[in-house]
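What follows is a set of notes on a single structure, which appears directly below.
Read the figures in this text as sums done on the coordinates, not as results from a lab. This structure is a prediction, so every number in the text was calculated from the model and none was measured. We place every Cβ from the backbone using ideal geometry, glycine too, and count neighbours over all the protein chains shown.
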Amino acid sequence: MTATIIDGKAFAAGIRAKVAEHVARLKADHDIVPGLAVVLVGEDPASQVYVKNKGRQTHEAGMKSVEHRLEADTSEADLLALIDKLNSDESIHGILVQLPLPDHLDSDLVINAIDPAKDVDGFHISNVGLLGTGQKSMVPCTPLGCLMMLRDQLGSLSGLNAVVIGRSNIVGKPMAQLLLGDSCTVTIAHSRTKDLPEVVRRADIVIAAVGRAQMVPGDWIKPGATVIDVGINRIDKPEGGTRLVGDVEFDSCAEVAGAITPVPGGVGPMTIACLLANTVTACCRANG
Ligand code: GUN
């Protein structure tokens, strides 16, 4: 069997087009422009690339984009003061603080200072609780993108066995909640899981979100399973230079799976598309 390759780039472009249409309608009918503020502390190169892409795509969708780039040694008090200001700024509907933050800043404290209604990342403890209890919340962007691709590929997910590899607050845990919400039987596997290959072999849906290059080989995959690869890892090429790979071994998994996301061009583009969609949602909720 050769898997269907799930084209996240095209899927994300479709979502961005719908977001842009919605934004144009908000402007034309109500003179409202959704606004997203992104806060970056320090100079982490990967974070700088993400933040730049977020800003560009926010603009392209017709929204207001504001970037706050702060020095790596910014104090917690100064960062909290900025968040306070953004919380009360009526032109800003979404606030995203890029993670990871420098070690001297308490990420939980900072994230929980964001107005939950503007928390387009869905990381605030209120949104985590709402998601966990099946109530209307802001949903974290990467897991939301994965869920949209799964529904598009499989239709109903009800009763399917889903294994999420990785238990991060950003991806693994919210992904498990979303799959449970769609009536999957969900297992969260992690570095202490016993006999991981056997656990993964039972899965109709595999979500790999551990951040370890090509960790999942094809012989762990149940024939016909849908494989969603959240990993973005840079590895050396034998001939020199580097390339991006996911957490699954793409070629061997594609031989066995029913469908699989590539890296790059799978989950990655969906994350920013969902961020834009969440910002429009926050704006609509703020304006009744
Ligand atoms: N760092 C890596 N992924 C994310 C994300 O989805 N949101 C934020 N704020 N920071 C991140």
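Between Val263, Val210, Val199, the residue with the greatest mean-square fluctuation in the GNM of the chain (Cα pairs under 10 Å linked by springs) is Val199. Modelled spin-label separation between Lys85 and Glu198, with each label point placed 7 Å from Cα along the Cα-to-Cβ direction: 5.7 nm. The length gained on full extension between Glu21 and Asn287, counted as 0.36 nm times the residue separation minus their Cα-Cα distance, comes to 94.0 nm. Put a plus charge on the Cβ of each Lys and Arg, a minus charge on the Cβ of each Asp and Glu, and nothing anywhere else: the dipole of the chain about its Cα centre is then about 720 debye. Under the membrane-span-like helix rule (DSSP H runs whose alpha carbons stretch at least 15 Å along the helix axis, mean Kyte-Doolittle hydropathy -1.0 or higher), the chain yields 8-30, 76-87, 141-154, 267-286.
Quantify how much of the Cα-Cα distance distribution of the range 141-268 extends past 21 Å, in percent. Summing the P(r) of the range 141-268 above 21 Å gives 32 percent of all pairs. Taking the chain as a whole, the Cys residues whose C-beta sits 4.7 Å or farther from every other Cys C-beta are Cys146, Cys184, Cys253, Cys283, Cys284.
Largest mean-square fluctuation among Gly258, Gly134, Gly241, in a Gaussian network model of the chain whose springs join Cα atoms under 10 Å apart, belongs to Gly241. Counting only Cβ charges, +1 for Lys and Arg and -1 for Asp and Glu, the dipole size of the range 31-116 around its Cα centre is about 460 debye. Pairs over the 25 Å Cα-Cα cut-off, from the set Lys194/Lys237; Lys64/Lys173; Lys85/Lys173; Lys173/Lys194; Lys118/Lys173; Lys9/Lys85: Lys194/Lys237; Lys64/Lys173; Lys85/Lys173; Lys9/Lys85.
Once the C-beta distance of Asp103 and Thr133 is scaled by a Förster radius of 25 Å, the resulting FRET efficiency is 0.20 to the nearest 0.05. With a/c under 1.5 counting as rounded, go ahead and sort the range 225-278 into rounded, prolate or oblate using the C-alpha gyration tensor (a ≥ b ≥ c being the square roots of the eigenvalues; past the cut-off, prolate if a/b is larger than b/c, else oblate). Verdict is oblate for the range 225-278. Between Val66 and Ala10, the distance separating the two model label sites (each 7 Å from Cα on the Cα→Cβ line) works out to 3.9 nm. Computed over the alpha carbons of the chain, Rg followed by Dmax gives 19.2, 57 Å.
Is the C-alpha gyration tensor of the range 31-116 telling us rounded, prolate or oblate? Criteria: a/c under 1.5 is rounded; beyond that, a/b larger than b/c is prolate, otherwise oblate. Oblate, since a/c reaches 1.5 and b/c is not below a/b. Taking the chain as a Gaussian network, where each spring joins two C-alpha atoms under 10 Å apart, which residue of Lys54, Lys27, Lys222 fluctuates the most? Checking each option, the largest mean-square fluctuation is seen for Lys27.
What full-extension length gain, to one decimal in nm, is calculated for Arg234 and Asn53 as 0.36 nm per residue of separation minus the Cα-Cα distance?
63.3 nm
Between the residues Gly240, Ala10, His68, the greatest Cα displacement towards the positive end of the dipole of the chain, with unit charges on the Cβ of Lys, Arg, Asp and Glu, is found for Ala10.
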